[in-house]
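Chemist: Mind looking over this structure? Questions follow.
The values are calculated or read from the model by the stated rules, or taken from the named source; none is laboratory data. As the structure is a prediction and not an experimental result, all values here were calculated from the model. Here the Cβ positions follow ideal geometry from the backbone for every residue, glycine too, while neighbour counts run over all protein chains shown. Quick note on the areas: whole protein, heavy atoms, side chains included, nothing else; ligands and nucleic acids left out. Shrake-Rupley method; radii C 1.70, N 1.55, O 1.52, S 1.80 Å.
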Amino acid sequence: MTLHDRRAFIIGGTGQIGRATAARLVAAGYAVTLGHRRPRPGAVEPDGVVSVQVDRADTEALLKALDGHDVVVDTVAFTPHHGEQLARLAGRVGSLVVISTGAVYQAPGLPVPIPETWPTVEREAHDYPAGKAALERRLLATPGLPVSILRTGVLHGPHGKSLDHWSFIKRALDKRPHVVLAQDGRSRFPTSAVANVAELILLCARRPAARVLNIADDPLTVAEIGARIFAVMGHEAQIVTFAGPSRPDGLGFHPWNVPEPIVFSMDRARAELGYRPAVSYDDALRQDIEWAVAAVSEAEAGGGGWQDVFPDLVARHGSGAWFPYAAEDAYVAGA
């Protein structure tokens, strides 16, 4: 088998991870098929990429589309039912790579950093972490199924519906002289650049096995993230912090605000697969910023705003707390 004979299928291939992964696999010589749920009339795919419409609810049609591929990447598996579907691929595809989430880890009392061996949630509730954890258990219990499960942090990169970094990017665009952060600016919550997720997917495809791996960026504090974004954008701003949670008027709000530090260990990915980031954190930020600024500008030209570009940010945190500039100015002036 030559390099160009290898075939990959990406379920959810037109999403944020799917696009980045398709580009990485094509560059490595794979022929890539993107599976998508909705029609895409007039869509033009890059060289080496084709797309097909497939309804995941039709299991037999899905499995038929996946049969014979060297690697199947599933970016949109969320439930035990999806695990049942994928388990039927044992012996029918070369290997699987399935995107999960670090939200499966059992909290509170998380170690720093969190290894992949830390217990995951086990409950009957049909929420996101419980569904992902049950999906993982179903896949890992399937004999003869080389499945790599990747636990990501909060994703960032082009074409996403959420970008926590927008909290600082917009401030730089608005030329704000300062930002005020709660929790002393020390909150740590893992982020994962999609370009680096795609790199780890490629490494897993090249060395199939049943495994669980974390994938996250350097474990920066929220204050360090803000400083890096301002530096990349050439913006000078004072980062002011205070102890305790954000205030009702939004002062101090940031999307990294968690009650305990959450840091993923990357030791296993490095040791088992020789993982190294495909892009540095600053270069990933440059990709985020370039895409986000253009996307928000386009939305504003059409009468919308950043909320239309990042609806998942609004769904997670609401739209009212993000940029309390008057409260920030008053706080800094009185400090």
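Chemist: Evaluate the charge dipole of the range 190-273 about its Cα centre and quote only its size in Debye, nearest 20, assuming +1 on the Cβ of each Lys and Arg and -1 on the Cβ of each Asp and Glu.
Modeler: Numbers: 7 positive and 9 negative charges, 77 e Å.
Dipole of the range 190-273, to the nearest 20 debye: 360 debye.
Chemist: Compute for the range 6-45: radius of gyration divided by Kirkwood radius, i.e. Rg/Rh, restricted to C-alpha atoms, rounded to two decimals.
Modeler: Working: Rg = 10.0 Å, Rh = 10.3 Å.
The Rg/Rh ratio comes out at 0.96.
Chemist: Also: Over 22 Å apart: what share of the alpha carbon pairs of the range 111-218 falls there, rounded to a whole percent? Kindly include the intermediate steps, with their values, before the conclusion.
Modeler: On the way: 2828 of 5778 pairs.
Taking all Cα-Cα pairs of the range 111-218, the fraction more than 22 Å apart is 49 percent.
Chemist: Taking 0.36 nm per residue of separation and subtracting the Cα-Cα distance, what length does fully extending Asn257 through Arg92 add?
Modeler: Details: separation 165, 0.36 × 165 = 59.40 nm, distance 4.35 nm.
Once the chain is fully extended between Asn257 and Arg92, it gains 55.1 nm.
Chemist: Sorted by accessible area (1.4 Å probe), largest first, how do Glu328, Glu300 line up?
Modeler: Working: Glu328 0, Glu300 110 Å².
These residues rank, largest area first, as Glu300, Glu328.
Chemist: Please give the FRET efficiency for Val50 paired with Ser319, using the beta carbon to beta carbon distance and R0 = 41 Å, rounded to the nearest 0.05. Kindly include the intermediate steps, with their values, before the conclusion.
Modeler: Values: r = 38 Å, r/R0 = 0.93.
Once rounded, the FRET efficiency stands at 0.60.
Chemist: Tell me the label-point distance for the pair Asp174, Gln307, using the 7 Å Cα-to-Cβ offset, in nm and rounded to one decimal.
Modeler: Rounded to a tenth, the inter-label distance reads 1.4 nm.
Chemist: Ok, one more. Among Trp322, Trp118, Trp256, determine the one that fluctuates most according to a GNM of the chain built with springs between C-alpha atoms less than 10 Å apart.
Modeler: Trp118
Chemist: Compute the distance in nm between two label points, each set 7 Å from the Cα along the Cα-to-Cβ direction, one at Arg286 and one at Ala43.
Modeler: Between Arg286 and Ala43, the simple spin-label model gives 2.9 nm.
Chemist: Hey, what angle do you get for helix 281-301 against the long axis of the chain, alpha-carbon based, 0 to 90 degrees rounded to 10?
Modeler: Around 80 degrees separate the two axes.
Chemist: Same structure again: So for the pair Arg276, Ala141, with labels modelled 7 Å out along Cα→Cβ, what separation do we get in nm?
Modeler: 4.0 nm
Chemist: Round to the nearest 0.05 the FRET efficiency obtained for Asp67 and Val332 when R0 = 51 Å and r is the Cβ-Cβ distance.
Modeler: Numbers: r = 61 Å, r/R0 = 1.20.
The pair Asp67/Val332 has a calculated efficiency of 0.25.
Chemist: About its Cα centre, how strong a charge dipole does the chain have in debye, to the nearest 20, once Lys and Arg get +1 and Asp and Glu get -1 at the Cβ?
Modeler: Numbers: 33 positive and 37 negative charges, 141 e Å.
For this selection, approximately 680 debye.
Chemist: Same structure again: So, with +1 on the Cβ of K and R and -1 on the Cβ of D and E, and no other charges, what is the size of the charge dipole of the range 135-282 about its Cα centre, to the nearest 20 debye?
Modeler: 420 debye
Chemist: Rounded if a/c is under 1.5, else prolate if a/b beats b/c, else oblate: with a ≥ b ≥ c from the C-alpha gyration tensor eigenvalues square-rooted, which is the range 178-303? Mind dumping the intermediate values first?
Modeler: Values: a/c = 2.35, a/b = 1.46, b/c = 1.62.
In terms of gyration-tensor shape, oblate.
Chemist: Could you work out the percent of alpha carbon pairs in the chain separated by over 39 Å, rounded to a whole number? Walk me through the numbers before you get to the answer.
Modeler: Numbers: 8924 of 55945 pairs.
Looking at the chain, the distances longer than 39 Å represent 16 percent of pairs.
Chemist: Right, another one. Where is the GNM fluctuation largest for the chain (alpha-carbon springs, 10 angstrom cutoff): Ala271, Ala292, Ala205?
Modeler: Ala271
Chemist: Taking all protein chains as present, what is the carbon and sulfur share of the accessible area of the chain, in % to the nearest whole number, probe 1.4 Å? The partial results should precede the final answer.
Modeler: Numbers: 7870 of 14890 Å².
Heavy-atom surface of the chain belonging to carbon and sulfur, 1.4 Å probe: 53 percent.
Chemist: Springs between alpha-carbon atoms under 10 Å, Gaussian network over the chain: tell me which of Phe264, Phe323, Phe242 tops the mean-square fluctuations.
Modeler: Phe242
Chemist: Let me ask something else about it. Using only the alpha-carbon atoms of the range 1-132, report the extent along each of the three principal axes, biggest first, to the nearest angstrom.
Modeler: 47, 32, 31
Chemist: First measure r as the distance between the Cβ atoms of Asp127 and Asp5, then evaluate 1/(1 + (r/R0)^6) with R0 = 41 Å and state the FRET efficiency to the nearest 0.05. Can you show the working numbers first?
Modeler: Working: r = 42 Å, r/R0 = 1.02.
For R0 = 41 Å, the calculated efficiency reads 0.50.
Chemist: At 1.4 Å probe size, with every protein chain present, just tell me what the per residue accessible area of the chain comes to in Å². Walk me through the numbers on the way to the answer.
Modeler: Working: 14890 Å² over 335 residues.
With the other protein chains kept in place, the chain gives 44 Å² per residue.
Chemist: Per-residue counts of other Cβ atoms within 10 Å, averaged by peptide: what ranking do you get for 211-223, 8-20, 120-132, highest first? Don't skip to the end; give the middle numbers.
Modeler: Numbers: 211-223: 21.5, 8-20: 24.2, 120-132: 14.8.
Highest-to-lowest ranking by the protection proxy: 8-20, 211-223, 120-132.
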